[in-house]
1. Exactly one of these conditions fails for residue 5: (1) touching a Gly at 6+ places or on another chain (Cβ under 7 Å); (2) at positive phi. Give me its number.
2. Testing residue 47 on (1) of a type in the set (Val, Ile, Thr); (2) free of Cβ contacts under 8 Å to residues at least 24 places away in the same chain; (3) out of contact with any helix residue (DSSP H, G or I) (no Cβ under 6 Å at 6 or more places or on another chain), one condition comes back false. Which one is that?
3. In the range 79-97, which residues are modelled with pLDDT under 85 and in a strand (DSSP E or B)?
4. Which members of the range 17-32 meet the condition of being touching a helix residue (DSSP H, G or I) at 6+ places or on another chain (Cβ under 6 Å), assigned to a helix (DSSP H, G or I) and not hydrophobic (A, V, I, L, M, F, W, C)?
5. Would you check which residues across the range 7-51 are under 18 Å from residue 69 (Cα atoms), in contact with a strand residue (DSSP E or B) (Cβ under 7 Å, 6 or more places away or on another chain) and either β-branched (Val, Ile, Thr) or at pLDDT 95 or above (or both) and list them?
6. Name the residues in the range 33-44 that are assigned to a helix (DSSP H, G or I) and closer than 17 Å to residue 87 by Cα, would you?
7. Restricting the range 57-73 to residues that are over 17 Å from residue 34 (Cα atoms) and more than 15 Å from the chain's Cα centre (by Cα), which is surrounded by the most Cβ atoms within 10 Å (Cβ to Cβ)?
8. Could you say which residue among 47, 3 is part of a helix (DSSP H, G or I) and closer than 23 Å to residue 73 by Cβ?
Amino acid sequence: MKVVINTLNDFVLSDQAQRELSSRGMSPNDIRSIATNHQYRTDGRLVSVVETLGINASGLGSRLVVVDVPFGIEWRIFRKQIGESVVEIGREWDGLNKAPSASKFSDVRNTLLLQW
């Protein structure tokens, strides 16, 4: 499953990305909700726009990337001090590494348990 995350400060779409999403049928209200409502982060229109525009999909202070998360796992977007990661208990996909990191097991597990 493809998920869009931000690897820098706040999740901000560029004006170009917002126009493209609007032209693909996404409402202005839905576009504004993407940053806080993570259900939109897997929307095929958003994934396609970020893949197509690359760095140009990112607004000021953002670096939006698409990460591949294996199907069949329960995942969450985890906000870090800088940027976001997609996490499953014991594994993390941060958009910087190709393979999930197993070395952060206890930190990720403890963080997720506190959030749930």
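1. Every listed condition holds for residue 5 apart from (2).
2. Only one criterion is unmet by residue 47, namely (2).
3. 87, 88, 91, 92, 93
4. Scanning the range 17-32 gives 18, 20.
5. 7, 41, 42, 46, 47, 50, 51
6. As a first pass, look at the range 33-44 and keep what is assigned to a helix (DSSP H, G or I): 33, 38-42, 44.
Scanning the range 33-44 gives 38, 39, 40, 41, 42.
7. From the range 57-73, those over 17 Å from residue 34 (Cα atoms) are 68-73; that's our starting set.
Add one more test, that the residue is more than 15 Å from the chain's Cα centre (by Cα), and what stays is 71-73.
Values: 71: 6, 72: 6, 73: 12.
So, considering only residues that are over 17 Å from residue 34 (Cα atoms) and more than 15 Å from the chain's Cα centre (by Cα), the one surrounded by the most Cβ atoms within 10 Å (Cβ to Cβ) is 73.
8. 47
The values are calculated or read from the model by the stated rules, or taken from the named source; none is laboratory data. Being a predicted model, the structure only gives us computed values, none of them experimental. Counting neighbours? That spans all protein chains shown, and the Cβs are built from the backbone with ideal geometry, glycine included.
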